[in-house]
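Here's the structure we're looking at; comments come further down.
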Amino acid sequence: MDGPVFDRFANKSPMAVIAAIVLARVFSPEKLDDLFERTSGEQYTQDLLFSTVFDLMNRVVCAIEPSIHSAYQSSEDIDVSSTAVYDKLGALEPDISAELVRYSADQLAPITRALRSEGQGNESAPWLEGYRTRILDGSCIEATERRIGELRDQAAAPLPGKALAVLDPEAQLITDFFPCEDGHAQERRLLGRVLGQIEPEELWIADRNFATQGFLRGIAERGACFLIREHGNLPWEAVGLEEEKGRAENGDLYEQPIRIPGKGEDGGESALEVRRIRLVLDEPTRDGDTEIVVLTNLPEEDASAEKVASLYRGRWKIERAFQELSDYLEAETRALGYPRAALFGFAVGFVSYNVLSVLKSALASVYGRQVVEEEVSGYYIAGEIAKTQEGLMIALPPKRWSAARKMSLAEITGLLRGEASNADLDRYQKHPREPKKPPPQRTKNRDKPHVSTAKLLAQRKMTRNTLKGVA
């Protein structure tokens, strides 16, 4: 990873170089194939390696290639047919996709932590002292094309599946992924799997769809805490009066102790006592809600009502992660109609999101966390990688990057910081939009179903010239 060719890429496209270093260190073919062998229960490796399938999908997700077939055609070392590739994708077990996301977070977290500990103003305080925060949310994968025979005569949009994801907001990494092949499945069906991953001293933040008696109780029984918005159908009874708790940033706060009835894991009656915190908003939400009610079993000495409201406001970070999958990456590949293939693409999207978080951490270690969060756009970073990666791999083949696998943590973070120092932040500058204006009422005319844009623009020009003449 040196020489004049490497230096030119490092100076002109440092984000693509950092991405190549991270991919070479964490996602080497040997490590990916080992993950597949350890996780797979149905499939086996014959002529097509899992690492090859990952590489093809990663190139599509990162917009380096427009489709799996295009990525297949541009690959020179695949000895199987394109049909075999699609068959492999369509049969990949969801557990493999889930384990891939967990593996990426486990491997990238030490690098992110090391980068975040370096540089002035880069340290980030924990969301809540003494707790490891996790944010849970779900997403339904976008409807696919109707390439499967059973879908050809269906007018309804075909849904290939849905998934729950878990975000570590301090490291900005997706740490867990719970895929489901049934696009009509209720997200709550997956909560039993989520409970299996919960550990003591964690704080789980989620929206009201996850406020079920079983899930809240399951979190508490595992020595963890929750901060989840109240669902209207959740039964509870008051055990005390509601009290005023001052002001939050966007409204007045009230708190009340309540009890949620239910049964424990042993089957016996076991009521769960929690704090019910109600935020009366100064202005309604986009959905018209005038108040937000949050339930938590956090002790008051650990988190006041104001702190609880502040923590819940941070839940939008996982929604932003889903938005980035849509805006910056091609994680929802509409051509992949088979559920397992679509879910694998979604998983690779989360892996790419995690890599992008490492890139931002590398920039933050040089320029400061606040500067990167406020001014740097992931859209332009992803765009640079998409434009450069193919040429980078032609000029510097994968074997040239193998040294990254043998480096110590200190050496790899030093290398990433060095490459990040070449970055010109003006190239990745955010351009926030002004609030959108409401669309005007459009007029309909049966006798004039079409208009000529050129004529309308000419009319605008004529009107301006007439006004100038009057002035």
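Tell me, what are the semi-axes, in whole angstrom and largest first, of the equivalent ellipsoid of the range 98-164 as set by the roots of 5 times the Cα gyration tensor eigenvalues?
On the way: eigenvalues 340, 40, 24 Å².
The three semi-axes for the range 98-164 are 41, 14, 11 Å.
As a footprinting exposure proxy, order ASP287, ASP95 by other Cβ within 10 Å, with the fewest listed first. Provide the component values of the computation, followed by the final result.
Details: ASP287 5, ASP95 13.
Fewest-to-most ranking of ASP287, ASP95: ASP287, ASP95.
How big is the charge dipole of the range 213-300 about its Cα centre, in debye rounded to the nearest 20, if each Lys and Arg gets +1 on its Cβ and each Asp and Glu gets -1 on its Cβ? Write down the numbers at each step before the final one.
Details: 11 positive and 19 negative charges, 59 e Å.
In debye, rounded to 20, the range 213-300 gives about 280.
Can you list residues whose amide H is under 5 Å from GLY251's amide H, if they're 5+ apart or on another chain and H is modeled 1.01 Å from N?
Residues meeting the amide H criterion: ASP282.
Sticking with the crude label model, points 7 Å out along Cα→Cβ, report the distance from ARG193 to ASP34 in nm, one decimal please.
2.5 nm
Rank-order 368-377, 213-222 by packing density, defined as the average count of other C-beta atoms within 10 Å over each peptide's residues, highest first. Present the calculation step by step, with values, prior to reporting the outcome.
Values: 368-377: 15.8, 213-222: 18.8.
Descending packing order for the listed peptides: 213-222, 368-377.
First check a/c for the range 406-471, with a ≥ b ≥ c the square roots of the eigenvalues of its C-alpha gyration tensor; if it is under 1.5, answer rounded, and if not, answer prolate when a/b is larger than b/c or oblate otherwise. Don't jump to the answer; show the numbers that get you there.
On the way: a/c = 4.42, a/b = 2.81, b/c = 1.57.
Prolate is the answer for the range 406-471, as a/c is 1.5 or above and a/b outweighs b/c.
FRET efficiency for ASP252 and ASP289, Cβ-Cβ distance as r, R0 = 22 Å, nearest 0.05?
Numbers: r = 15 Å, r/R0 = 0.67.
Efficiency for this residue pair is about 0.90.
Based on DSSP H assignment, which helices of the chain show an axial Cα extent of at least 27 Å together with a mean Kyte-Doolittle hydropathy greater than or equal to 0.5? Provide the component values of the computation, followed by the final result.
Numbers: long enough: 94-116 (32 Å, -0.11); 339-367 (42 Å, 1.16).
Within the chain the helices that satisfy the rule are 339-367.
For the range 145-194, what does the alpha-carbon gyration tensor say about shape, rounded, prolate or oblate, given a ≥ b ≥ c as the root eigenvalues, a/c under 1.5 as rounded, and a/b over b/c as prolate? Numbers along the way, then the final one.
Working: a/c = 4.01, a/b = 2.27, b/c = 1.76.
Because a/c hits 1.5 or more and a/b exceeds b/c, the range 145-194 counts as prolate.
Among the lysines, which fall within straight-line cross-link reach of LYS360, defined as a Cα-Cα distance under 18 Å, with same-chain neighbours fewer than 8 residues apart omitted?
Filter leaves LYS12, LYS317, LYS430.
For the range 255-370, what does the equivalent ellipsoid look like in terms of its semi-axes, each the square root of 5 times an eigenvalue of the Cα gyration tensor, given largest first in whole Å? Numbers along the way, then the final one.
Numbers: eigenvalues 252, 107, 58 Å².
For the range 255-370, the semi-axes come out at 36, 23, 17 Å.
In whole angstrom, how far apart do the alpha carbon centroids of the range 389-468 and the range 1-60 sit?
If we compute the Cα centre of each part, the gap is 26 Å.
Using helices alone, what [θ] at 222 nm do you get for the chain, with -39,500 (n - 2.57) per DSSP H run of 4 or more residues, divided over all residues and rounded to the nearest 500?
Values: 16 runs with 203 residues, N = 471.
Value at 222 nm, helices only, nearest 500: -13500 deg cm²/dmol.
Which value in Å is the Kirkwood Rh of the range 204-271 over different Cα pairs? Let's see the in-between values first.
Values: mean 1/r = 0.0740 Å⁻¹.
Final number for the Kirkwood radius of the range 204-271 is 13.5 Å.
Testing the spin-label approximation: label points 7 Å from Cα along Cα→Cβ at GLN73 and LEU456. State their distance in nm.
3.7 nm
Straight-line reach from LYS245: which aspartates and glutamates fall under 13 Å, measuring Cα to Cα and dropping same-chain residues less than 8 apart?
GLU255, GLU300, GLU306
Looking at the square roots a ≥ b ≥ c of the eigenvalues of the Cα gyration tensor of the range 57-106, which shape do they give, rounded for a/c under 1.5, prolate if a/b is larger than b/c, or oblate? Show your work: numbers first, answer last.
Numbers: a/c = 2.36, a/b = 1.47, b/c = 1.61.
It is oblate, given that a/c is not under 1.5 and a/b is not larger than b/c.
Between GLU142 and LEU425, what is the label-point separation in nm under the 7 Å Cα-to-beta-carbon projection?
3.1 nm
Just to be sure I understand, if you calculate semi-axes √(5λ) of the Cα gyration tensor in Å for this structure, which of (1) 48, 33, 24; (2) 38, 33, 27; (3) 38, 30, 22 do you get?
(2)
Taking the Cα centre of the chain as origin, work out the dipole magnitude from +1 charges on Lys and Arg Cβ and -1 charges on Asp and Glu Cβ, in debye rounded to 20.
Working: 60 positive and 74 negative charges, 519 e Å.
Approximately 2500 debye in magnitude.
Read-outs: derived from the displayed coordinates by stated rules, not from any lab. In this text the structure is predicted, and so the values were computed from the model without any measurement. Note that each Cβ is placed from the backbone with ideal geometry, even for glycine, and that neighbours are counted across all protein chains shown.
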